[in-house]
Amino acid sequence: MARVIHKFTRTVPQWRPRVTPVRLDAATPEQLNALKVTPSNTKVSDYVLVLAHDPESLDARSPLFNAVMYGKGGLDRAGREIGAIGASIVNRCIYCAAVHAQRHAQLSGDATVTDRIFAAGAQARLEPRDQAMFDFSVKLAETPPATGPTDMQALRDAGLTDLEIADLILASAMFGWANRLMHILGDPVRDDGAEA
């Protein structure tokens, strides 16, 4: 029996939708276009299939997500993942935190950062640059209007350029939104019976 997960881990759980995903074999041409389904597709996630109920929004969401998280120049991918993790920790999105912690560990070649975050949450102590990015992403997720010039200066003092700061803001804000979708549309679950 599947159990809803309440603990952060780098092990990516399954996701159980509350809204029935669109079936590929019954999808409209608009849905298939938004899904970018080709004959070589072997798997489209249930999350994306749920989002396909509104193909116009999905068609805008996917390129935006890809530009924010994989765009060239600016903040490196590991830094963008810290923004996603910070927002996901605040919003208690177990699924997103796991996905992006796993990616951060792969990109950086070091699991220490996410181990510290998962052990201490928003109070995690990290290296100065990572700390500045994490603190900012947490503050932005908790209370967006509370961020201001002092926060921008802290990021600059940690060595971030204005373009890197803009990328961090985009990644953190993207996950403030994405976490809310994940929460209402489904649950992270584990079927293996392991401690969650």
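The values are calculated or read from the model by the stated rules, or taken from the named source; none is laboratory data. Quick caveat: nothing in here was measured; it's all calculated off a predicted structure. Note: ideal-geometry Cβ built from the backbone for every residue, glycine included; neighbour counts use all protein chains shown. Please note that ligands, DNA and RNA were not included when accessible areas were found on the heavy atoms of the full protein model with its side chains. Shrake-Rupley method; radii C 1.70, N 1.55, O 1.52, S 1.80 Å.
Okay, here's what the table says:
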item: Odd one out for LEU75 among (1) among the aliphatic types (A, V, I, L, M); (2) open to solvent by less than 10 Å² (accessible area, probe 1.4 Å); (3) in contact with a Phe, Trp or Tyr (Cβ under 7 Å, 6 or more places away or on another chain); result: (3)
item: Every pair of residues 6+ apart whose Cβ atoms lie under 9 Å, when the first sits in segment 124-150 and is more than 16 Å from ALA105 (Cα to Cα) while the second is open to solvent by 80 Å² or more (accessible area, probe 1.4 Å) and acidic (Asp, Glu); result: PRO128/ASP157; ALA132/ASP157
item: Residue ID - farthest from the chain's Cα centre (by Cα), chosen from residues in segment 168-196 that are open to solvent by less than 20 Å² (accessible area, probe 1.4 Å) and closer than 25 Å to GLY73 by Cβ; result: LEU168
item: When residues of segment 126-137 are limited to those that are in a helix (DSSP H, G or I) and not acidic (Asp, Glu), the one surrounded by the fewest Cβ atoms within 10 Å (Cβ to Cβ); result: PRO128
item: One residue from GLN123, GLN102, GLN153 being of a type outside the set (A, V, I, L, M), at pLDDT 95 or above and exposed (fewer than 15 other Cβ atoms within 10 Å of the Cβ); result: GLN153
item: Sole residue being polar (S, T, N, Q) and under 25 Å from TRP15 (Cα atoms), chosen from GLN131, GLN102, GLN123; result: GLN102
